[in-house]
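Here's the structure, in structure tokens; my notes come after.
The values are calculated or read from the model by the stated rules, or taken from the named source; none is laboratory data. In this text, all values refer to a predicted model and were calculated from it rather than measured experimentally. Reconstructed Cβ throughout: ideal geometry from the backbone, glycine too, with neighbour counts over all protein chains shown. Calculation scope for accessible area: heavy atoms of the full protein, side chains included, ligands and nucleic acids excluded. Shrake-Rupley method; radii C 1.70, N 1.55, O 1.52, S 1.80 Å.
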Amino acid sequence: MFWQQLVNGLTVGSTYSLIALGYTLIFGVLGIINMAHGQIFIFGSLVGLVLMTSMQMPLGVALVASIVISAILGLILEYTALRPLRKKNVPHLASLISTIGFAILVEEAMHKIFGADSRAFPQSFGDKTFDLGVIQIRSVDLIILAIALILMFVLHFWIQKTKMGKAIRATAENTDTANILGINTNMVIIVTVMLASALGGVAGILIGMAYSALIPTMGMTLGFKGLAVLILGGVGSIPGAMVCGVLLGVIEVFTVAYGDSSYRDAVAFGLIIVILLLKPEGLFGRKA
Amino acid sequence: MLSIQNLTTSYGQIKAIRGISLEVPEGKIVSLIGANGAGKTTTMRTIAGQLKPQSGGIVFCGQKIDGSKPHQIVKAGLALVPEGRQILGKMTVLENLEMGAFQRNDAQGIKDDMEKMMNWFPILRERLSQLGGTMSGGQQQMLAIARALMSRPKLLLLDEPSMGLAPIVVSDIFKVIKQINAEGTTVLIVEQNVKQALKIADYGYVLEAGQIVLDGTAESLLNDERVKEAYLGGRKH
């Protein structure tokens, strides 16, 4: 029972990690919280899901579509809601509001295009179960876990070792310094926003697979989960987002398994409050 | 090589530099000296593209660069060692050097230059995998200079390289600057440490309250009564 629930928690949590990574990457380079993140990736994921259900496309196509659409929405966000304000040197609070505006716009567009109802994932995959002794794992959970973990591993490597990844870190640390070293920081910001949204696009499809359905309003609820993970892990911390996303997932699943399912969010967020009281900068954050 | 005409830069209503003109000839060291708040850093930041001039022009190697973005100016062959060094403290020494070469794609050339920098500044070789933020002020200044040189600039701008450093370290830094120039890089240096800056320079400009009040060969400035009085601790008896 324990091991089984742990695997379930890891599965759900790894998707939270992907969502939180999107927030933390954008916060890193821009110093703002992108309130439209959840809506952007649920929009992308819904496009992917529609391709699967109405056009019988395979999962891979849906994933790619979700990634591409989410990234494009991220790009639109940068050009409409972020860059114009950055040029005018206004306080960061202004971009917080402009991203909320963008979130409302995307959410309404989803209602218009996809309807407000929940959309089911096709049942054709993921019902096979593997028996591994102490645990039984559904193939869908295996796919989710594998994609999320591989993606995080690749992202970590990419940020640490590649030229572009280093440029993102340099920009995150000090945009002025990055500029005088010859880094086109506007380009870095575009890459970061698109990457963050694309990671969300993957997370959205994976969550749809886990819950067998997607609803436009999930953008907001999942967005809040990602935000909670962001704060818990330490704002701007990449390892913090990775570890704490999984942690939140495990806490949630254990609350349901050993407690009461209606207390799931209460316990999870209650624990976050307790942790933050003890360590206000987040588990992986630096003291300001 | 660098020619500045009537440059004016403002912060809001306040004009930090007012119509300054100066020339940096190829192969030379030019020093821009002046007290705190005279507009030295503003001048540097404007040349490097971090600030937009209100009026006036900057021509670098025959190319107009005022209004260009900082990364385009680096590409044109100009590198700034900023005031306060601005080391990327959360990145390693090696990564700092790599970021200096961001505009370049010649892997072998970058490797060679990296080797050259480590020969010039042996401390960097010892600290290669250490985070930039953990180094001392003098070491950070060496790293900042090496990092700027990694872009293979034709013109190196140095903004107060002696700031906050012990006198013995300062003289090391100035030796290095002299050597960099001897190897073919033109240098524009901004300093409050007037004596040191003029000693290594070919030509100097004196900036006061945002305007050039005096210029001449470094030697003539070192012997100028006004310079002695204002910046070199009074006249000699």
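Below is a table of values for the structure above.
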{"read-out": "Hits in the stretch A:164-180 (condition: within 7 Å of chain B (Cβ to nearest Cβ) and either part of a helix (DSSP H, G or I) or open to solvent by less than 10 Å² (accessible area, probe 1.4 Å) (or both))", "value": "A:Lys166, A:Ala167, A:Arg169, A:Ala170, A:Glu173, A:Asp176, A:Thr177, A:Asn179, A:Ile180"}
{"read-out": "All positions within the stretch B:104-145 that are of a type in the set (Gly, Ala, Ser) and closer than 18 Å to A:Ala167 by Cα", "value": "B:Ala107, B:Ser129, B:Gly132, B:Gly133, B:Ala144"}
{"read-out": "Test: residue in the stretch A:187-199 that is within 14 Å of chain B (Cβ to nearest Cβ), open to solvent by 50 Å² or more (accessible area, probe 1.4 Å) and assigned to a helix (DSSP H, G or I)", "value": "yes"}
{"read-out": "Among the residues listed as B:Ser151, B:Ser136, B:Ser162, the single one being more than 13 Å from chain A (Cβ to nearest Cβ), more than 30 Å from B:Gln13 (Cα to Cα), of a type in the set (Ser, Thr, Tyr) and within 17 Å of the chain's Cα centre (by Cα)", "value": "B:Ser162"}
{"read-out": "Residue in the stretch B:130-141 that is part of a helix (DSSP H, G or I) and assigned by the TED database to the domain that holds B:Asn193 present", "value": "no"}
{"read-out": "Residue in the stretch A:102-122 that is in contact with a strand residue (DSSP E or B) (Cβ under 8 Å, 6 or more places away or on another chain) and either without any contact (Cβ under 8 Å) to a residue 24 or more places away in the chain or within 14 Å of another protein chain (Cβ to nearest Cβ) (or both) present", "value": "no"}
{"read-out": "Condition met for A:Thr53 (touching a strand residue (DSSP E or B) at 6+ places or on another chain (Cβ under 8 Å) and either part of a helix (DSSP H, G or I) or surrounded by 14 or more Cβ atoms within 10 Å (Cβ to Cβ) (or both))", "value": "yes"}
{"read-out": "Residue tally, condition out of contact with any Gly (no Cβ under 9 Å at 6 or more places or on another chain) and open to solvent by 90 Å² or more (accessible area, probe 1.4 Å), over the stretch A:120-155", "value": "11"}
{"read-out": "Helices (runs of 4 or more DSSP H) completely within the stretch B:5-121 that count 2 or more residues being closer than 30 Å to B:Gly233 by Cα and more than 11 Å from chain A (Cβ to nearest Cβ)", "value": "B:40-47"}
